[in-house]
Every structure is written in C-alpha cells, then in structure tokens.
Amino acid sequence: MNKLIFANLLRRPLRSVISVLAVAIEVVMILSIVGIFMGMLDSQKERTNGIGADLMLLPSNASFFNGIGGASIPVKDGIALARLPHVAVVSPAIQKISTSGNVEILYGIDYESFDALKPFRFLAGGRFQGPYDTIIDDVFAGTKNPATGKIFAVGDTVMIMGHKFRISGIVDQGKGGRKLIPLDTMQQLIGAQGMASLFYIKCDSPTNDDLVMQKIRSTRGFQDNTLTTVDSWLDQMTPSKVPGFNLALKIVTGIAVVIGFLVIFQSMYTAVLERTREIGILKSMGASKTTIVGVVLRECALLALAGDVVGIAAAYGVRLAILHFFPTQTFEITPLWIGYAAAIAFIGSLCGALYPAWMAARKDPIDALAYE
C-alpha cells in the first residue's frame, strides 16, 4: 500500500509540487510575521535592558507603547526625582517612532545622565559635539551609507527625521536605540521644548527599588504617573501585550490555512476522481472504507510533511534575505513557533483531504470498475 501511495504522488509530479508549495506558503507566512514581530520585540527588550536603569517613570495612564512618541513630562521634574533618597541617576529621554525606511525607535537623550546610567562603549568617535550630532550603534554602522556606498563611519552624514546629522560616535549595540540624538534637538524637532517622554532612574542599589518607588508615589505631582521597574517592563513585553500582534497573527494564519486547505482539497478531490477505477479495484479486493480513507489521508500527510520541511527551509531563506537587505531588522525563528506553524499547516492540510477521502470511501466498487 505504501508503494501505491508513493507511486500516485510521483505519477502526478506537478500536482504534488503545487500541493507541497501551498503548505510551505502557510508555514512561511506564519513564521515570517512571527519572526519580524518577535525579533523587534526581543531586540527592543535587549536594548532597553542595556540602558542600565532600574526604574522607568512615564506619563499618567500610559503604557510603554502608548507613551512612545509623546513628550508630556517636564524635564525639570527630574530635579525633584534626583533629590529623593537612594536615587543615583535620573535621565530624561524622548522616544520617537520613525517609519522612514523601516520601523525604529529614535532616542533623544541627555548625554551626561544617560551615560551615567551605564557608560557607552565607544568603538569610534565620542560624545555629541553639536546639536545635530548623532551616536549610532555598530549594527546600524554596518549598513551601507547611500551617499558613499560604504559602511557608515564617524563624520558621515545620516538623515534623521528629515534632517542631516553628523555621526559623532559609534557604540556597541544594546544601549537604547540604534540612533541617539541630543535631547534638546529632539525637543525642537517635535515641538516639545523642556519636555520628555519618560525618565530612566537608577537607584544606589537594586535592593532599594521598592523604597524609591514608594517614595516617588508619595511625592506630590507623581502620584498619577506610570511607574515600573525595568525588570517588570521586560516581563510584560510579550506578544499578547503588543497592540495588534495577535490580530495580525490570526489574520495571516487564517489566510494561510485557507490557501493550504483549498489547494489540498482540490488536489485530493481531483486525484480521487482520476483514480475511480483504482479505488474500485481496491474495494473489489476487499479493501475497507477505512483503508481507502487511510490511503488518501496518508498521501495528504506526506504532502503536508514535505510542505512543512520546505516551508521551514524557506523561512530561513526569507530571514537571510531580510537580514541582507535590512541589516538592522531582527528576524527571530524559535523552535516553539516552528512547531506551531508546522502543526497548523499539517492539520489544515488533513482537513482539506477529509471530504475527498470520505467521497472515495463511499464509491460503489461495481460503479467504480465500470467508470471510464
């Protein structure tokens, strides 16, 4: 029976290849959207953790996501925060989402206090020398400068928010954004002089985090602000908390499953019609309905397994292509999501083969043998 199954698949190579590709597309679509979203999420978590802060103070009723881009906290509030017991460093910052080229978070920072949280590790150059200087990380520096065709270097010009900035320094990745500009300049560009999006706070000891949080909450003017430890924020940075992630994943998964279902359904349906006499011979030789259903489903299972393998390999190919053309984009493929994508595509394919299998099992052997 196994030889018969393989023979049927090889007899119709084009149909088999199309079915395999349909399943592969399901896997690639799921892994691609998850890889991009999870890559962006984990990259941001890693770079936020590398800032060196213990606490984050945001505007009232703000989450990290809806706090990005606005600047509604007066920078002068940092003076009151710095006077609190056990507070070592208070650093105001503005975070601005940029969609120019690719989605990224730009940082406007006060260099002295931001460096005090955790010192920069410069690979070349140094701190800001002027209002339109920028510090970039080594990942962005490794991309090609459109003006020269070479990788970025200190002294080169880069466009940020429609303005030219001179690269004053290149640092190790993992401390905030890939591009950092002076806080005053960011305030001017977004029209928020004297304001910040959030404060990064470093305590004199991590054991005093709770004491500092209690003191901030009891200080007049800060009772309504959103206050969290960096560790708590990192724990909350999950796909379910990212706006639109689950919805986008459900939509893409649904489209992928429909594609695979329809292609497999058509493939198995036409295969059953073409093999009516073959099914009649099998039933006349004593094959049960269960056996006939098993033959069709096993063929489908082989196609689905092949599609899973091709899809997983293709997803890694997509990852290589994205990293080549967009080096600053993180694309993360995890074993867990590989398993999810493969299982979804496999089950969807089997569902597409159920009706053709049932139709084959119901064929009358006499009618099937007389079929031309």
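The values are calculated or read from the model by the stated rules, or taken from the named source; none is laboratory data. Please read all numbers here as calculations on a predicted model, not as lab measurements. Neighbour counts run over all protein chains shown; Cβ positions are idealised from the backbone, glycine included. Each accessible area value is taken on the protein alone, full model and side chains, heavy atoms only, with ligands, DNA and RNA left out. Shrake-Rupley method; radii C 1.70, N 1.55, O 1.52, S 1.80 Å.
A 1.4 Å probe, protein heavy atoms only, puts the accessible area of residue 204 near 90 Å². Here the label points at residue 334 and residue 166, each 7 Å from Cα along the C-beta direction, are separated by 4.4 nm in the simple model.
Where Lys and Arg each count +1 and Asp and Glu each count -1, what net charge lies around residue 47 among other residues with Cβ under 13 Å from its Cβ? Before the final figure, lay out the partial values.
Values: positive: 45, 118, 175, 178, 179; negative: 42, 46, 104, 137, 138, 172.
Net local charge, residue 47 excluded: -1.
Here residue 96 sits with roughly 70 square angstrom of accessible surface, probe radius 1.4 Å.
The accessible surface of the range 60-224, taken with every protein chain in place and a 1.4 Å probe, is 51 percent carbon and sulfur. The distance between label points at residue 154 and residue 82 comes to 2.7 nm (points 7 Å beyond Cα on the Cα→Cβ vector). Rolling a 1.4 Å probe across all protein chains gives residue 161 an accessible area of roughly 60 Å². Each other residue within a Cβ distance under 13 Å of residue 206 adds +1 if Lys or Arg and -1 if Asp or Glu, for a net charge of -4. Computed with a 1.4 Å probe over protein heavy atoms only, the accessible surface of the range 60-224 comes to 48 Å² per residue. In terms of distances greater than 30 angstrom between alpha carbons, the cross-link table entries 150/202; 76/144; 144/175 yield 150/202; 76/144.
The value of relative contact order for the range 60-224, using C-alpha pairs under 8 Å at least six residues apart, is 32 percent. Straight-line reach only, C-alpha to C-alpha below 20 angstrom: list the aspartates and glutamates that residue 45 could link to, leaving out same-chain residues fewer than 8 apart. In chain and number order, the partners are 54, 104, 115, 137, 138, 172, 209, 231, 235, 332. In order along the range 333-349, the Karplus-derived 3J(HN,Hα) couplings, from 6.51 cos²θ - 1.76 cosθ + 1.60 at θ = phi - 60°, round to 10, 10, x, 4, 6, 4, x, 4, 4, 5, 5, 4, 5, 5, 5, x, 5 Hz, and Gly and Pro are given as x. Sequentially through the range 298-310, phi angles give Karplus couplings (6.51, -1.76, 1.60; θ = phi - 60°) of 5, 4, 4, 4, 5, 4, 5, 4, 4, x, 4, 5, 5 Hz, Gly and Pro residues having no value and appearing as x.
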